[in-house]
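Report on the structure given below.
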Amino acid sequence: MKVSYHGHSVIKVEANGKTILFDPFISGNGNTDLKADEVEADVILLTHGHNDHVGDTVEIAKRTGAKIVAPFELAEYLGNKGVDTHPMSIGGGHEFDFGHVKFTQAFHGSSYTEEDGTIVYTGMPMGILLTIDGKTIYHAGDTGLFSDMKLIGERNDIDLAFLPIGDNFTMGPEDALTAAEWIRAKQVVPIHYNTFELIEQDGKGFANKVQPGKGTVLEPGDEITI
Ligand code: NI
Ligand code: MN
């Protein structure tokens, strides 16, 4: 299957004839190669309600008919905007026609800020385990380091993990290195950095410190096959 990175926390997975987008923050993302009015999607997976993760979800879903899989409160909120949603919550897994999705915990916040500044509660933030075509991908969402990542690593055979390294709002590189060790993924890709000045980090420096051969930096638009 093809997995590509599109800046910030945007990941695209193409497998089983489906296109799955994680956290499609495109408008306002100066670090992406995607165009919100052109990107294709059958499924949109969301980790939490922050605007830099929900991004262009509603517009893309309305144009493509994509199903949105999201934390319960966020799914309710988006469902009210007339898009197709499937609510889930931490610890819950579900077998979809494209693959299996399980939501894990993440330590962060979760709310959506409307254009007028109103803040809408969107439940708990989460990480996502996507198992598709025999491979398991872990998108950690936005999170600090937590020791139950060991449990996630013990109980899942993770082929590819996307970990935030931007610091300030999430783990920084040092904590993400410990996370990489605990989740035991075969391959680790840093995300959620260099989008804004506040989260500027050395992705290659991080990747080089991940256990030899396991760290990979993807620039926006880069694609790997797993
Ligand atoms: Ni966030
Ligand atoms: Mn974020």
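The values are calculated or read from the model by the stated rules, or taken from the named source; none is laboratory data. Computed from a prediction, not measured in an experiment: that's the story for all the values here. Don't worry about glycine lacking a Cβ; one is built from the backbone with ideal geometry, like all the others, and counts go over all protein chains shown.
Does segment 129-177 hold any residues that are more than 12 Å from ligand 2 (Cβ to nearest atom) and hydroxyl-bearing (Ser, Thr, Tyr), and which are they?
131, 136, 138, 147
Does residue 28 meet the test of being within 15 Å of ligand 1 (Cβ to nearest atom) and surrounded by fewer than 24 Cβ atoms within 10 Å (Cβ to Cβ)?
Yes, satisfied.
Condition first: modelled with pLDDT of 95 or more, at positive phi and touching a strand residue (DSSP E or B) at 6+ places or on another chain (Cβ under 8 Å). Now tell me which residues in segment 15-42 satisfy that.
Once the filter is applied, which keeps residues that are modelled with pLDDT of 95 or more, at positive phi and touching a strand residue (DSSP E or B) at 6+ places or on another chain (Cβ under 8 Å), segment 15-42 yields only 23.
Looking only at segment 144-156, decide whether some residue is in contact (Cβ under 8 Å) with a residue 40 or more places away in the chain and in a loop (DSSP other than H, G, I, E, B).
Yes.
Could you please find all residues in segment 1-22 being within 16 Å of ligand 1 (Cβ to nearest atom), within 25 Å of residue 90 (Cα to Cα) and out of contact with any Leu (no Cβ under 6 Å at 6 or more places or on another chain)?
If the condition is that a residue be within 16 Å of ligand 1 (Cβ to nearest atom), within 25 Å of residue 90 (Cα to Cα) and out of contact with any Leu (no Cβ under 6 Å at 6 or more places or on another chain), then 8, 9, 10, 11 are the ones that fit.
Being in a helix (DSSP H, G or I) and either within 16 Å of ligand 1 (Cβ to nearest atom) or surrounded by fewer than 24 Cβ atoms within 10 Å (Cβ to Cβ) (or both) is the filter here; which residues of segment 41-64 pass it?
51, 52, 53, 54, 57, 58, 59, 61, 62, 63, 64
Being out of contact with any Leu (no Cβ under 7 Å at 6 or more places or on another chain), buried (at least 24 other Cβ atoms within 10 Å of the Cβ) and outside any strand (DSSP E or B) is the filter here, so list the residues in segment 126-143 that pass it.
141, 142, 143 - these are the residues of segment 126-143 that are out of contact with any Leu (no Cβ under 7 Å at 6 or more places or on another chain), buried (at least 24 other Cβ atoms within 10 Å of the Cβ) and outside any strand (DSSP E or B).
Do you know which residues across segment 81-123 are assigned to a loop (DSSP other than H, G, I, E, B), away from ligand 1 (no atom under 15 Å from the Cβ), under 23 Å from residue 41 (Cα atoms) and among the polar types (S, T, N, Q)?
If the condition is that a residue be assigned to a loop (DSSP other than H, G, I, E, B), away from ligand 1 (no atom under 15 Å from the Cβ), under 23 Å from residue 41 (Cα atoms) and among the polar types (S, T, N, Q), then 89 is the only one that fits.
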